[in-house]
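The values are calculated or read from the model by the stated rules, or taken from the named source; none is laboratory data. Because the structure is a prediction, the values reported are computed rather than measured. Cβ placement follows ideal geometry from the backbone for every residue including glycine, while neighbour counts extend to all protein chains displayed. Calculation scope for accessible area: heavy atoms of the full protein, side chains included, ligands and nucleic acids excluded. Shrake-Rupley method; radii C 1.70, N 1.55, O 1.52, S 1.80 Å.
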Amino acid sequence: MTTIETPAPQPSGTFSSGSRLFTLASRYGTFVAFLALIAFNIVVTPNFLSWQTLNVNLTQVATIVIVATGMTIVIATGGIDLSVGSLMAISGALAPMIFMGQFWPVENMAFAVALALVIPVVVAGLFGLFNGLLVTRFSIQPIIATLVLFIAGRGIAQVMTNGNLQVFKNEGFQFIAMGRIAGIPAQVVLMILIVILASAMIRYTVIGRQIIAVGGNEKAARLTGVPVKRVKLLVYMISGALAGLAGLVVVARNSASDANLVGLGMELDAIAAVAVGGTLLSGGRANIIGTVIGAFVIQLVRYTLLANGVPDAAALIVKAGLIVLAVFIQQRADRH
């Protein structure tokens with residue numbers, strides 16, 4: 001008579017501990033890193049708790065959050081947008097040209113400023129729509145489709161300005177960056193509004209659920225009637241428009257527009273904030289609040305290094321390392 005023995009179950013303590021560790025790191029690691037950076041700076045960095053330091057960090061992080069919010073929505077669909085920095089340059093070049101009368105004589109400055117705040121954002125949104133068309137109509141991989149404007153967009157901005165620095169002073173236009181609403185910098189208020197609207201869209205609207213569905217399983221989403229192409233067009237247009245808005249904030253803050261520098265490297269900051277914030281780079285999840293915390297971590301890393309005498313170039317290495325670490329933790333957490 002043949003006996004069949006059932007193998008004894010192997011101890012799974014190590015596996016479950018490792019699984020729990022990566023899950024906890026994926027869920028709370030960014031917030032812990034944020035608190036650790038604050039604690040480190042309180043101890044090491046002089047005057048870190050001053051209002052001036054808080055103001056500097058808030059105003060610097062505002063543009064990262066604005067762009068990264070749009071990037072989060074794009075990445076949630078399984079895409080990516082490398083063109084955001086170049087679209088900031090286009091928007092930042094176009095706005096001063098409008099209120100400085102380089103297209104037509106300015107008779108009503110208030111109206112010209114209003115146009116300078118609206119037209120560049122619309123133009124950047126249309127460029128985002130162009131990215132979406134390349135992805136949906138021509139089935140080009142998002143990284144390649146957006147690489148087109150990543151390369152050409154800054155060239156367009158430089159051609160528009162003939163490569164010249166545009167210097168200006170216009171209180172109406174610069175209120176978007178220099179003004180204060182109830183004592184809070186206007187750009188920070190703008191950042192908060194965008195985060196609230198994006199979070200509400202993802203969590204409470206049909207289009208939000210469709211964005212997550214497309215990123216989770218595009219084929220299944222299409223079979224259930226989700227308008228996949230329309231959703232993708234919308235997210236790239238939103239990303240472009242938010243990049244355009246961030247471009248306005250940057251040039252208003254600097255009182256100058258330099259097509260060579262506006263938005264330079266912003267795509268790295270935005271992707272890093274999204275990855276560190278817990279949104280899966282493969283799509284199917286959109287953690288807007290996580291992106292905000294991720295952006296603060298990116299900004300605090302840069303501030304910490306600069307305040308302690310480390311060259312800015314080192315911050316790029318650290319940011320790249322943070323992306324690798326965040327993606328590694330996400331993959332291990334999902335695998336377990």
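Among Val231, Val214, Val195, Val251, which is more than 16 Å from Gly79 (Cα to Cα), aliphatic (A, V, I, L, M) and over 14 Å from the mean Cα position of the chain (by Cα)?
Numbers: Val231 fails: more than 16 Å from Gly79 (Cα to Cα); Val214 fails: more than 16 Å from Gly79 (Cα to Cα); Val195 fails: over 14 Å from the mean Cα position of the chain (by Cα).
Exactly one residue qualifies, and that residue is Val251.
Which one is farthest from Gly265 (Cα to Cα), of the residues in the stretch 138-161 that are without any contact (Cβ under 8 Å) to a residue 24 or more places away in the chain and not hydrophobic (A, V, I, L, M, F, W, C)?
Only one residue tops the list, namely Ser139.
Quick check, is Ile176 under 27 Å from Ile119 (Cα atoms), touching a strand residue (DSSP E or B) at 6+ places or on another chain (Cβ under 9 Å) and either in a loop (DSSP other than H, G, I, E, B) or open to solvent by 10 Å² or more (accessible area, probe 1.4 Å) (or both)? Outline the logic, then answer.
Details: under 27 Å from Ile119 (Cα atoms): yes; touching a strand residue (DSSP E or B) at 6+ places or on another chain (Cβ under 9 Å): no; either in a loop (DSSP other than H, G, I, E, B) or open to solvent by 10 Å² or more (accessible area, probe 1.4 Å) (or both): yes.
No.
Is it the case that some residue within the stretch 45-56 is among the aromatic types (Phe, Trp, Tyr) and modelled with pLDDT of 70 or more?
Among the residues of the stretch 45-56, at least one is among the aromatic types (Phe, Trp, Tyr) and modelled with pLDDT of 70 or more, which makes the answer yes.
Just to be sure, is Val106 among the aliphatic types (A, V, I, L, M) and modelled with pLDDT of 95 or more? I'd like the intermediate steps shown before the answer.
Numbers: among the aliphatic types (A, V, I, L, M): yes; modelled with pLDDT of 95 or more: no.
Criteria not met by Val106.
What is the one condition in (1) farther than 14 Å from Ala270 by Cβ; (2) open to solvent by 10 Å² or more (accessible area, probe 1.4 Å); (3) among the β-branched types (Val, Ile, Thr) that Ile98 does not satisfy?
The single condition Ile98 does not satisfy is (2).
Could you list, in sequence order, all residues of the stretch 117-126 that are crowded, with 24+ Cβ neighbours inside 10 Å and of a type in the set (A, V, I, L, M, F, W, C)?
Looking only at the stretch 117-126, we keep the residues that are crowded, with 24+ Cβ neighbours inside 10 Å, and these are 120, 124.
Within the stretch 117-126, Ala124 is the sole residue that qualifies.
What's the total number of residues in the stretch 143-158 that are touching a helix residue (DSSP H, G or I) at 6+ places or on another chain (Cβ under 9 Å) and either at positive phi or surrounded by fewer than 22 Cβ atoms within 10 Å (Cβ to Cβ) (or both)?
Quick first cut of the stretch 143-158, residues touching a helix residue (DSSP H, G or I) at 6+ places or on another chain (Cβ under 9 Å) only: 144-146, 148-158.
Among the residues that remain, those that are also either at positive phi or surrounded by fewer than 22 Cβ atoms within 10 Å (Cβ to Cβ) (or both) are: 144, 148, 150-152, 155-156, 158.
Total satisfying the criteria: 8.
Specify which of the listed residues (Ile298, Ile238) is open to solvent by 10 Å² or more (accessible area, probe 1.4 Å) and within 12 Å of the chain's Cα centre (by Cα).
Details: Ile298 fails: open to solvent by 10 Å² or more (accessible area, probe 1.4 Å).
So the residue among Ile298, Ile238 that is open to solvent by 10 Å² or more (accessible area, probe 1.4 Å) and within 12 Å of the chain's Cα centre (by Cα) is Ile238.
Consider only pairs whose beta carbons are under 7 Å apart and that are at least six residues apart or on different chains; among these, list those whose first residue lies in the stretch 234-254 and is farther than 12 Å from Ala68 by Cα and whose second residue is buried (at least 24 other Cβ atoms within 10 Å of the Cβ) and among the hydroxyl-bearing types (Ser, Thr, Tyr).
Val235/Thr77; Gly244/Ser91; Gly247/Ser91; Leu248/Ser91; Val249/Thr63; Val250/Thr63; Val251/Ser257
So which of Val251, Val310, Val226, Val262 ends up being more than 27 Å from Leu126 (Cα to Cα) and either β-branched (Val, Ile, Thr) or open to solvent by 40 Å² or more (accessible area, probe 1.4 Å) (or both)? Don't jump to the end; show me each part of the working.
Details: Val251 fails: more than 27 Å from Leu126 (Cα to Cα); Val226 fails: more than 27 Å from Leu126 (Cα to Cα); Val262 fails: more than 27 Å from Leu126 (Cα to Cα).
On inspection, the qualifying residue turns out to be Val310.
Give the stretch 1-44 a look and list any residue that's under 13 Å from Val297 (Cα atoms), of a type in the set (Val, Ile, Thr) and either at pLDDT 90 or above or in contact with a Lys or Arg (Cβ under 6 Å, 6 or more places away or on another chain) (or both), or say none.
The one that is under 13 Å from Val297 (Cα atoms), of a type in the set (Val, Ile, Thr) and either at pLDDT 90 or above or in contact with a Lys or Arg (Cβ under 6 Å, 6 or more places away or on another chain) (or both): Ile38.
Can you list the helices (runs of 4 or more DSSP H) lying wholly within the stretch 208-326 that have 2 or more residues being among the basic types (Lys, Arg)? Before the answer, list the steps.
On the way: elements: 218-223, 228-254, 266-276, 288-307.
Result: 218-223, 228-254.
Take the stretch 272-289 and flag every residue that is open to solvent by less than 40 Å² (accessible area, probe 1.4 Å) and under 24 Å from Asn55 (Cβ atoms). Steps first, answer last, please.
Taking the stretch 272-289 first, the residues open to solvent by less than 40 Å² (accessible area, probe 1.4 Å) are 272-280, 283-284, 286, 288.
Listed by number, the residues that qualify are Ala272, Ala273, Val276, Gly277, Ile288.
Looking at the stretch 179-200 only, could you name the residues that are without any contact (Cβ under 8 Å) to a residue 40 or more places away in the chain and in a helix (DSSP H, G or I)? Write out each step before concluding.
Within the stretch 179-200, the first condition is being without any contact (Cβ under 8 Å) to a residue 40 or more places away in the chain, and the residues that meet it are 179-184, 186, 189, 192-193, 196-197, 200.
Those that are without any contact (Cβ under 8 Å) to a residue 40 or more places away in the chain and in a helix (DSSP H, G or I): Ala186, Val189, Ile192, Leu193, Ile196, Leu197, Ala200.
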